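Here is the structure we will look at.
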Amino acid sequence: MLKILRFLKKSWIWVIVIFALLIVQAYCDLELPAYTSDIIDVGIQQKGISSAVPDEISAVSFDKIKLFMSVEENSFVSSCYTQNGERFILNETDSEIKSELEKIISTPVLIIYMLQNIEPEILSAGNPQFSQLPEGMSVLEAMALMPLEDRLAARTEMLSSLDSYGSMVINSMAIEFITDEYAALGIDLDELQMKYIINTGLKMVLLLLLMTAVSITIGFLASRVGAKFGLDIRNSLFKKVLSFSNAEMDKFSTASLITRSTNDIQQVQMVIIMLLRMVLYAPVLGIGGVLKVIQTKTGLSWIIVLAVGTIMALVVILMIIAMPKFKKMQSLVDRLNLVTREILTGLPVIRAFSRERHEEKRFDEASANLMKTQLFTNRTMTFMMPAMMLIMNGIALLIIWFGGRGIDEGNLQVGDMMAFITYTMQIVMSFLMLTMISIMLPRSSVAAGRIMEVLETEVSVKDNENALSEGKIIKGDIIFDNVSFRYEDAAENALDNISFTAKSGQTTAIIGSTGSGKSTLINLIPRLFDVTGGKITIDGTDIREMKLHYIRENIGIVPQKGVLFSGTIASNLRFGNKEASDDEISFAAKTAQADDFINEKPERYDSAISQGGTNVSGGQKQRLAIARAIAKKPKIYIFDDSFSALDYKTDVMLRKALRENVGDSAVIIVAQRISTILHAQQIIVLDDGRIAGTGTHKELLENCEVYKQIAYSQLSESELNNNGKEAV
């Protein structure tokens, strides 16, 4: 899977942009719970007062809180406020100064609140010095008469007595003092509260809008990167397949290559998009959530550790169970595609032999095997979501249970607990995202491996570094010099010690029984395979020292099975020579005896050809394939049993036209019918991969037993005696 990610190199800038946007999205996502907590804790419970530092305070109260400050603290606090009549107003300060101010002022504010709201009898019980106060004198008035050192000592003693209270209770007492102070100053607390809630709500709306815009942008960019990735890897795969020789094509079935080029790439492409949208986002959100949880200081972090451990254990167990089946699934998809392709391709034969029921059963078996594997993996994965929801709900219950106890003890506020629940769910959701991708990852990992298997396959037939690519005109003289060939993993040679010369301007025919190696031999000329022994030269140059494109550009090959492409007759005839004029393709069609049926069509050369040439007959398809080779004007013609679909009359006329019109090229004909090759200047007889005889028709009848047997099996006595003069 990591190897295949190298195709993202072209889009690395966009990947960085997506990652940056994911950080912005995570920031917005993580800030929203904090604002929700502020609305509950500050906006509702504290009436919009967010700090123990009052924005305004009466001169009387300001003097009171100064009673419990050191000289340095008093000086610092006084510098932060400006007197305006009977009240002091907080100056514009930065966050650091305000934080320092809160540390100093919160303690005196708390003490003043306690002295003003706790009954004197209760306070005197713990402090005997306050039990004999003069009538009408409050404790605060008495402490104002004490030296500063004694007041600071009393401050320390009073704070130590608050250790049993929770921090939230202490904070709420300080806020309560400021609330009373604002009320005394005539500040509208309802307006203050509503203003805080509206401002915080607007911030949440802006964050939400920003997060939505970023999320849409991320989705758009991830889809584009995924599509570009699919395009690049599909092009690379297709280019690689085009470079395959027949040996590599035999290794990978056509159905498998189609699956790898479509379904497998789609699987990996989907995971790439998920990686960019979820997998990169999950750690950012998870780490951010952990940092936020640490900041809340709720003491419930152990719940997150428990949740993450449970989720990881669940994922590992499910992957161990499902991974082998995911690996098997892609091979079953291959099998289904193979069976489907065979049935659809061979449908006429299936109908002719009444094998519909058998093929239906074969398809059902392949489909059922895939279905069973998919059902197993899907059923295994269906446990994932319910288990995740159970874990998430269980975590929420634990937080509420232990958080409720914290609220009861005064160590936690309701908003903080809600924020903690949200952050915990975000952390769990980040692992849930990774879990969801882990469902797709095994299958895509298998698909990636199958793709890389094709991309990393070493091509057996390839250009040498200094191979000839231009500058030498090929005449077409072909020499087989002691050539041998063996298929990979075969026990014996398919061809052994083949030596002959096919000269330009002459026709060389190759004949032999089925399996004698005729098609293998001609496949060596355009280097569809490479010889394993000896060499083949064209005009004296070893073909292995020529560029593949250079060799094939000068060869016109007509395969045994004519293959046409969707388009028109003209586009098919120009397949090997796109610059061919209308006169040239018309000449090629006339030479191939195809002009008669072409001219009968209403649109003539612009007539449509369906995929595979299914809308023309076998003989017409073969003649169009021959015309395509002629229109290319090559120096070498190779006909691999290309006249087998033609009737005898058309065969004779076509060979006569070929002899007249392509006489300066080397012509190699592979044939099963002796009548097709009677007048070849040279006939090569193959028998079990070896040359059994070489010569003309007359010479071979006299000195080659293999050829004689073939001739007597196909021709009558009179035809043999006439040496086929009626042929051409």
Handout entry: When residues of region 442-473 are limited to those that are at pLDDT below 70 and surrounded by 15 or more Cβ atoms within 10 Å (Cβ to Cβ), the one nearest to Thr262 (Cα to Cα)
Key = Arg443
Fill in the blank from the handout: Over region 660-693, the set of residues at positive phi and touching a Gly at 6+ places or on another chain (Cβ under 6 Å) is Gly689
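Could you pull out the residue among Met173, Met146 that is at pLDDT 65 or above and in a loop (DSSP other than H, G, I, E, B)?
Details: Met173 fails: in a loop (DSSP other than H, G, I, E, B).
Result of the check over Met173, Met146: Met146.
Within region 215-274, which residues are aromatic (Phe, Trp, Tyr), assigned to a helix (DSSP H, G or I) and surrounded by 16 or more Cβ atoms within 10 Å (Cβ to Cβ)? Break it down stepwise before answering.
Narrowing region 215-274 to residues aromatic (Phe, Trp, Tyr): 220, 229, 238, 244, 252.
With assigned to a helix (DSSP H, G or I) added as a condition, the list becomes 220, 229, 238.
Phe229 - this is the single residue of region 215-274 that is aromatic (Phe, Trp, Tyr), assigned to a helix (DSSP H, G or I) and surrounded by 16 or more Cβ atoms within 10 Å (Cβ to Cβ).
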Practice task
Considering every residue within region 497-506, establish whether at least one is assigned to a loop (DSSP other than H, G, I, E, B) and either acidic (Asp, Glu) or under 50 Å from the mean Cα position of the chain (by Cα) (or both).
Solution key: no
Exercise for the section: Go through (1) surrounded by fewer than 19 Cβ atoms within 10 Å (Cβ to Cβ); (2) farther than 26 Å from Gln672 by Cβ; (3) without any contact (Cβ under 8 Å) to a residue 40 or more places away in the chain one by one and return the number of the condition Arg544 breaks. Expected result: (3)
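Which one of these is aromatic (Phe, Trp, Tyr) and under 50 Å from the mean Cα position of the chain (by Cα): Tyr637, Tyr648? Don't jump to the end; show me each part of the working.
Working: Tyr648 fails: under 50 Å from the mean Cα position of the chain (by Cα).
None of the other options fit; the residue is Tyr637.
Touching a Phe, Trp or Tyr at 6+ places or on another chain (Cβ under 8 Å), part of a helix (DSSP H, G or I), assigned by TED's automatic domain parsing to the domain that holds Met425 and buried (at least 17 other Cβ atoms within 10 Å of the Cβ): is that true of Ala282 in this structure? Break it down stepwise before answering.
Working: touching a Phe, Trp or Tyr at 6+ places or on another chain (Cβ under 8 Å): yes; part of a helix (DSSP H, G or I): yes; assigned by TED's automatic domain parsing to the domain that holds Met425: yes; buried (at least 17 other Cβ atoms within 10 Å of the Cβ): yes.
When the stated conditions are applied, Ala282 passes them.
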Completion exercise
Taking region 480-496 and keeping only residues that are in a strand (DSSP E or B) and in contact (Cβ under 8 Å) with a residue 60 or more places away in the chain, one is left with Leu495, Asp496
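Would you confirm, using the coordinates I've provided, whether Ala627 is modelled with pLDDT of 85 or more and touching a helix residue (DSSP H, G or I) at 6+ places or on another chain (Cβ under 9 Å)?
Criteria met by Ala627.
Would you confirm whether or not region 560-568 contains a residue that is in contact (Cβ under 8 Å) with a residue 24 or more places away in the chain and among the β-branched types (Val, Ile, Thr)? Lay out the reasoning, then the answer.
Keep residues of region 560-568 that are in contact (Cβ under 8 Å) with a residue 24 or more places away in the chain, which gives 560, 562-568.
Cutting the leftovers down to among the β-branched types (Val, Ile, Thr) gives us 563, 568.
Yes, some residue in region 560-568 is in contact (Cβ under 8 Å) with a residue 24 or more places away in the chain and among the β-branched types (Val, Ile, Thr).
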Exercise for the section: Collect the residues in region 515-540 that are β-branched (Val, Ile, Thr) and surrounded by fewer than 17 Cβ atoms within 10 Å (Cβ to Cβ), keeping them in residue-number order. Expected result: Thr532
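Condition check: over 18 Å from Ile551 (Cα atoms) and buried (at least 21 other Cβ atoms within 10 Å of the Cβ). Does Ile478 satisfy that?
Numbers: over 18 Å from Ile551 (Cα atoms): no; buried (at least 21 other Cβ atoms within 10 Å of the Cβ): yes.
No.
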Exercise for the section: Return yes or no: is Arg357 modelled with pLDDT of 80 or more, in a helix (DSSP H, G or I), touching an Asp or Glu at 6+ places or on another chain (Cβ under 9 Å) and closer than 22 Å to Thr340 by Cβ? Expected result: no
Practice task
Return yes or no: is Ala368 under 28 Å from Ser444 (Cα atoms) and assigned by TED's automatic domain parsing to the domain that holds Leu314?
Solution key: yes
Exercise for the section: Identify the residue in region 550-569 that is hydroxyl-bearing (Ser, Thr, Tyr) and surrounded by fewer than 18 Cβ atoms within 10 Å (Cβ to Cβ) and, among all such residues, is farthest from the chain's Cα centre (by Cα). Expected result: Thr568
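Tell me, please, whether a residue that is under 23 Å from Gly618 (Cα atoms), assigned by TED's automatic domain parsing to the domain that holds Ile498 and out of contact with any Phe, Trp or Tyr (no Cβ under 8 Å at 6 or more places or on another chain) can be found in region 521-535.
Pass one, region 521-535, residues under 23 Å from Gly618 (Cα atoms): 522-523.
Next, only the ones that are assigned by TED's automatic domain parsing to the domain that holds Ile498 stay: 522-523.
With the extra rule that they be out of contact with any Phe, Trp or Tyr (no Cβ under 8 Å at 6 or more places or on another chain), the set shrinks to 522.
The answer is yes; a qualifying residue exists.
The values are calculated or read from the model by the stated rules, or taken from the named source; none is laboratory data. Please read all numbers here as calculations on a predicted model, not as lab measurements. For neighbour counting, all protein chains shown are included, and Cβ atoms are generated from backbone atoms with ideal geometry for every residue, glycine included.
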